[in-house]
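J.: Okay, here's the structure, questions in a sec.
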Amino acid sequence: MIETDILIIGAGPCGLFTVFEAGLLKLRCHLIDALPQAGGQCTEIYPKKPIYDIPAYPEILAGDLVENLMKQAEPFKPGFTLGERAETIEKTDDDKFIVTTNRGTQHIAPVIAIAGGLGCFEPRKPPVANLADYEDHGVEYIIKDPNFYKGKNVVISGGGDSALDWTIFLAEGVANHVTLIHRRNSFRGHLDSVQKVMDMAASGKIRLVTDAEVVDITGDGKVEGIVVDHEKEGKISIACDHWVPLFGLSPKLGPISDWGLSITKNAIDVDTFDYSTNVPGIYAIGDINNYPGKLKLILCGFHEATLMVQSAFKRIYPDKNYVLKYTTVNGVEGF
Amino acid sequence: MGIIKVTVIDREGQPHELDAPTDMNMNMMELCKSYELPVEGTCGGMAMCASCHMYLESDTHLPEKSDAEEDMLDQAFFVKGNSRLGCQIHLADSMDGMIVRLAEVGS
């Protein structure tokens, strides 16, 4: 069991800055994030986009902002549970919380700070009516282990790099046969991958079906084929063992919505005094919270994190008095 | 002109005639949000989420789709020939009378 003072759900900019502010109060932090790396949206969606409203940075790339925040948090030695989604929460007899991830990793802390942004990023699922019936029975949204597809007939959908890269990889001696289906006849993604896929299609190594979308899955209890709707040729049936739709990720509030927190329009209601939720000991900061006048800005999240840790300190050490100290006077004393 | 009329048909088929300012650097996603119509605009307008996917139902002339918009529509569902991302439609006087329909939201 991982023990810490403040367990932060979400390792985006707001969660990372919490580590720094908590560290100044000698509170230790551990972060959980569903993504395999820290940085949240900044790293996952727009690392190369400039941000212009971070105070004192006329312009900074989102990726650089995260890098700087990691550097700033470093003296306080935060722990990370990455690539795992915070799933369940339970209260202990001594007023602490145990948070367990989808992979069973357990964490215990007296304070939980939810800095979950838009929620956790999950694969975007195409609107095929019977999709759910075939999940894990031939429909996979992520390729974890390519050997799983050894000798199989695989259909991949999508037009981005992951669809192209996996098509190439699986077609080269892994799968028995690979079909790539795409809505348009042009692909985004790296030019050399696009060229390679085109070459493979021309030489018959893969089957490429463009201007088409998968509309149905067939099979008794497991995938035995899919049906595509082609712009000109209409419905085409393709026999296969697996269908892997790769349409990127989209954020979902996820399991946090079942934690007994008051939620309005996918955001957690908080008291602006200290960003506490309706459950004492659980706070919500950054894009995931909701209060009158809320603005979803990184700079507002930094402010919220700063005030929140003060309240967290009082919850953890009710008998200690704390006086605000300035970093310019005291420096940053790490752990 | 400053203000144009734009009609947004919601997912229940209900039309909403909106006053759309053309001098505030606004796009269709932001306009819908400002009227509290059910458009998420998750990524904030970077053409990176497709949650503002809508169909252009009038013959209003719009600038061509950028590569970023085309790429994002590849990851969206229920895409048709008249699909656009609201965040990439920057309101201009020439769009007076435009009609759009909000696309279904995938899971």
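The values are calculated or read from the model by the stated rules, or taken from the named source; none is laboratory data. Owing to the predicted nature of the structure, the values given are computational and were not obtained by experimental measurement. Here the Cβ positions follow ideal geometry from the backbone for every residue, glycine too, while neighbour counts run over all protein chains shown.
J.: For residues that are crowded, with 23+ Cβ neighbours inside 10 Å and of a type in the set (A, V, I, L, M), scanning just the range A:29-53, find the one that is nearest to the other protein chains (Cβ to nearest Cβ).
T.: Among those that are crowded, with 23+ Cβ neighbours inside 10 Å and of a type in the set (A, V, I, L, M), it is A:ALA34.
J.: Can you confirm whether A:ASP64 is under 15 Å from the mean Cα position of the chain (by Cα) and surrounded by 15 or more Cβ atoms within 10 Å (Cβ to Cβ)?
T.: Taking the combined requirement at face value, the residue does not satisfy it.
J.: How about the range A:302-335: which of its residues are assigned to a helix (DSSP H, G or I) and either among the small types (Gly, Ala, Ser) or loosely packed, with under 13 Cβ neighbours inside 10 Å (or both)?
T.: Across the range A:302-335, the qualifying residues are A:ALA305, A:SER311, A:ALA312, A:THR327, A:THR328, A:VAL329, A:ASN330.
J.: Okay, moving on. Do we find that A:SER250 is of a type in the set (Gly, Ala, Ser) and buried (at least 17 other Cβ atoms within 10 Å of the Cβ) in this structure?
T.: Yes, satisfied.
J.: Looking for whichever is over 13 Å from the mean Cα position of the chain (by Cα) and either surrounded by fewer than 16 Cβ atoms within 10 Å (Cβ to Cβ) or more than 18 Å from A:GLY301 (Cα to Cα) (or both) here; the options are A:PHE20, A:PHE76. Which one fits?
T.: That would be A:PHE76, the only listed residue that is over 13 Å from the mean Cα position of the chain (by Cα) and either surrounded by fewer than 16 Cβ atoms within 10 Å (Cβ to Cβ) or more than 18 Å from A:GLY301 (Cα to Cα) (or both).
J.: Now for a separate question. Among the listed residues B:GLY81, B:GLY45, B:GLY97, identify the single one that is within 14 Å of another protein chain (Cβ to nearest Cβ) and over 28 Å from A:GLU122 (Cβ atoms).
T.: B:GLY81
J.: While we're on this one: Among the listed residues B:LEU31, B:LEU73, which satisfies the condition of being within 11 Å of another protein chain (Cβ to nearest Cβ) and of a type outside the set (D, E, K, R)?
T.: One residue alone meets the criteria, B:LEU73.
Let's see how each residue does on (1) surrounded by 14 or more Cβ atoms within 10 Å (Cβ to Cβ); (2) out of contact with any strand residue (DSSP E or B) (no Cβ under 9 Å at 6 or more places or on another chain):
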position	(1), (2)
B:ASP19	no, no
B:GLU36	no, yes
B:MET54	yes, no
B:LYS65	yes, no
B:MET72	yes, no
B:ASP93	no, no
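J.: Then there is this: Given the range A:119-236, what helices (runs of 4 or more DSSP H) lie entirely inside it while holding 1 or more residues that are crowded, with 21+ Cβ neighbours inside 10 Å and within 12 Å of chain B (Cβ to nearest Cβ)?
T.: Qualifying helices (runs of 4 or more DSSP H): A:161-171.
J.: Right, next: Failed condition for A:ASP64, given (1) assigned to a loop (DSSP other than H, G, I, E, B); (2) over 23 Å from A:VAL309 (Cα atoms), with all others met?
T.: Going through (1) assigned to a loop (DSSP other than H, G, I, E, B); (2) over 23 Å from A:VAL309 (Cα atoms) one by one, A:ASP64 breaks only (1).
J.: For A:VAL244, state whether it is of a type outside the set (Phe, Trp, Tyr), more than 14 Å from every other protein chain (Cβ to nearest Cβ), farther than 30 Å from B:CYS43 by Cα and surrounded by 23 or more Cβ atoms within 10 Å (Cβ to Cβ).
T.: It is false that A:VAL244 is of a type outside the set (Phe, Trp, Tyr), more than 14 Å from every other protein chain (Cβ to nearest Cβ), farther than 30 Å from B:CYS43 by Cα and surrounded by 23 or more Cβ atoms within 10 Å (Cβ to Cβ).
J.: Quick check on the range A:288-301. Is at least one of its residues assigned to a loop (DSSP other than H, G, I, E, B), small (Gly, Ala, Ser), on the phi > 0 side of the Ramachandran plot and not assigned by TED's automatic domain parsing to the domain that holds A:GLY159?
T.: Yes, the range A:288-301 has at least one match.
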